[in-house]
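Engineer: Input: one structure, supplied below.
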Amino acid sequence: MTVPVFRFAPSPNGPLHLGHALSALLNADMAAESGGRMLVRIEDVDVTRARPEHERAILDDLDWLGIAYERPVRRQSEHADDYAAALDRLAALGLVYRSSLSRTEITAAIRMEEARSGRPWPRDPDGAPLYPGIDRERASGETDASGASQAPHAVRLDMAKAVRLAGPLSWEEFGDRLHGESESIAADPAAWGDIVLAGKFTPAAYHLAVVVDDALQGVTDVVRGRDLYFATAVHRLLQRLLGLPEPHYHHHRLIVDADGRKLSKSRGSAGLADLRATGATVADIRRMVGLAPAAPLSSHPSR
Ligand code: GLU
């Protein structure tokens with residue numbers, strides 16, 4: 001039987017809050033329960049947002065929570081070559097194009113189309129307008145996405161083509177208590193439109209980096225927040241196109257504030273370090289995120 005591999009993958013853009021604590025503790029509990037491995041990955045591929053001081057604070061918080069993770073941790077900023085190789089593979093399949101429109105140009109194109117059709121422009125599962133694909137048409141036929149000599153550009157996936165090549169996709173969603181029950185979920189990556197695979201100044205966007213890293217780290221069980229549920233469709237698509245193994249997924253409930261909104265630093269949600277400073281213990285944190293003290297989730301499904 002393969003040893004399950006779990007991971008907690010924070011972005012060092014700010015301090016950890018209770019939502020992160022739930023994710024990290026669930027992963028660690030499930031790894032412990034199943035005799036699995038627990039990894040931490042620092043998702044700092046967007047160097048414009050990542051800060052080393054946040055990474056230090058995050059690792060401190062994880063140590064304080066008593067989470068035993070393997071070291072060294074993987075840092076995305078150190079693996080640009082892995083993402084470039086994946087991007088080359090998608091380019092060789094003719095599935096990517098250079099996209100250099102500015103945000104203003106994109107918004108203008110969408111407004112024009114909305115005015116012309118009298119209908120609202122379609123949006124992705126996160127509520128953002130789909131990319132209008134103007135430069136997809138312009139670039140059709142091109143396969144070289146790296147274009148080092150070109151002006152700064154993002155690289156996008158030609159979603160319609162990618163979906164045609166990949167065929168139907170689904171993922172296995174396992175339940176809260178790991179009783180071995182899981183559900184097959186039909187994946188609809190097309191709902192995201194032509195996603196960015198690499199930014200103008202970043203070697204990989206979130207979706208690409210996450211699937212490459214999960215595969216290279218041998219992650220078998222992805223346990224993360226419900227906010228990433230629909231993103232899993234894109235991850236399954238990229239895994240299929242890149243020939244990567246398929247992890248199992250569990251998307252846990254989100255911790256919300258008094259107004260029912262997801263916690264976030266910008267709305268002043270208390271960080272773990274703040275709670276710690278006011279005397280909270282790990283047992284308090286477990287209680288606050290709705291985890292029983294030493295109530296490990298029951299055994300991992302046998303595969
Ligand atoms: N880095 C992402 C975040 O902090 C999580 C990515 C994942 O678990 O797939 O929201």
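Engineer: Can you name the number of the only condition in (1) out of contact with any strand residue (DSSP E or B) (no Cβ under 8 Å at 6 or more places or on another chain); (2) outside any helix (DSSP H, G or I) that A215 fails?
Structural biologist: The failed condition is (2).
Engineer: Related question: So which pairs qualify, if the first residue must be in the range 86-105 and at negative phi, the second must be among the basic types (K, R), the Cβ gap must be under 6 Å, and the two must be at least 6 apart or on different chains?
Structural biologist: L95/K161; Y97/R136; Y97/R156; S99/R156
Engineer: Still on this structure, I have one more. Could you please give the count of residues in the range 106-128 that are more than 20 Å from V196 (Cβ to Cβ) and of a type outside the set (D, E, K, R)?
Structural biologist: 5
Engineer: Looking at S23, is it within 16 Å of the ligand (Cβ to nearest atom), touching a residue at least 60 places away in the same chain (Cβ under 8 Å) and hydroxyl-bearing (S, T, Y)?
Structural biologist: Yes.
Engineer: Residues in the range 252-269 that are among the charged types (D, E, K, R), at pLDDT 80 or above and touching a His at 6+ places or on another chain (Cβ under 9 Å): how many?
Structural biologist: Residues that pass the stated criteria total 0.
Engineer: Here's a follow-up. Restricting attention to the range 218-252, and to residues there that are outside any helix (DSSP H, G or I) and acidic (D, E), which single residue is nearest to R75 (Cα to Cα)?
Structural biologist: Once the filter is applied, the top-ranked residue is D221.
Engineer: For E70, are the conditions met, namely being part of a loop (DSSP other than H, G, I, E, B), more than 16 Å from the ligand (Cβ to nearest atom), surrounded by fewer than 19 Cβ atoms within 10 Å (Cβ to Cβ) and among the charged types (D, E, K, R)?
Structural biologist: yes
Engineer: I'd like to check something: does the range 31-46 contain any residue that is in contact with a His (Cβ under 7 Å, 6 or more places away or on another chain), in contact (Cβ under 8 Å) with a residue 60 or more places away in the chain and part of a helix (DSSP H, G or I)?
Structural biologist: yes
Engineer: May I ask you to say which residue of L208, L197 is within 18 Å of L87 (Cβ to Cβ) and assigned to a helix (DSSP H, G or I)?
Structural biologist: L208
The values are calculated or read from the model by the stated rules, or taken from the named source; none is laboratory data. Note that the structure is predicted; figures quoted are calculated from it, not measured. Every residue, glycine as well, gets a Cβ built from its backbone with ideal geometry; the counts of neighbours run over all protein chains shown.
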